[in-house]
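After the structure tokens below, expect a handful of questions from me.
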Amino acid sequence: MIPVGILGRALPWTESEYLALGETAQRIELLDGSLLIGPPPSVRHQAIVGGLAAALEPGCAAADRTLLPVINLRLNRTRILNPDLVVTAELDLTVDCVPADAVLLVGEVSAPHTATINRVLKPHLYAAAGSGGICSSSRRA
């Protein structure tokens, strides 16, 4: 169910308005004043993300890196995306959003309804923001 107050609301959305939505069942991202709203990840999607995280965790621990599942990743003041996983070198637990320059790796697992966004749009947005390497699974979730 889409949170109350989203439908019919005038654009643009600000970062503070976006963050005020809090945790939702849907994946909601901020892109230049608009919201990208998707359904919660499927069980298959979560299994793929979990497998990737399990494979990356030993290397992250050995290199003193932090592996995080879905987080608010601030690309700039008008763009906050929710990648499936990120690897960071430093982590400030007090912030609402992880800044792009703190991220070493971004992971997205594509589903049929997110393939174009995850494989075409998001890599460009991550690169423009200076996020680390981009990992996109070719497996369909």
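List the relative contact order of the chain as a percent without decimals, with contacts defined as Cα pairs under 8 Å and 6+ residues apart.
19 percent
Quick one: Cα convex hull volume of the chain, Å³ per residue?
So the per-residue Cα hull volume is 107 Å³.
Which residue, Ile71, Asn82, Pro112, has the largest displacement toward the positive end of the dipole of region 8-114 when charges sit on each Cβ (Lys, Arg +1; Asp, Glu -1)?
Pro112
Okay, moving on. So how strong a dipole does the chain carry about its Cα centre when Lys and Arg Cβ are +1 and Asp and Glu Cβ are -1, to the nearest 20 debye?
580 debye
How long is the gain from Arg119 to Leu93 if the chain were fully straight, where each residue apart is worth 0.36 nm and the alpha carbon distance is subtracted?
Roughly 6.4 nm would be gained on extension.
Could you give each residue of region 34-41 its phi-based ³J(HN,Hα) in whole Hz, using Karplus coefficients 6.51, -1.76, 1.60 with θ = phi - 60°, and x for Gly or Pro?
Karplus values, whole Hz, x for Gly and Pro: 10, 10, 9, 10, x, x, x, x.
Working from Cα positions, state the angle (0 to 90°, nearest 10) between the long axis of helix 43-62 and the longest principal axis of the chain.
Once rounded, one gets 50 degrees.
Just in region 37-95: which trypsin sites (Lys or Arg not before Pro) are loop by DSSP and have at most 16 other Cβ atoms within 10 Å?
Arg77
Bear in mind these aren't lab numbers, they're just calculated from the coordinates by the rules spelled out. Everything quoted here is computed from the prediction, not taken from an experiment. Cβ coordinates were reconstructed from backbone atoms using ideal geometry, including for glycine residues, and neighbour counts include every protein chain displayed.
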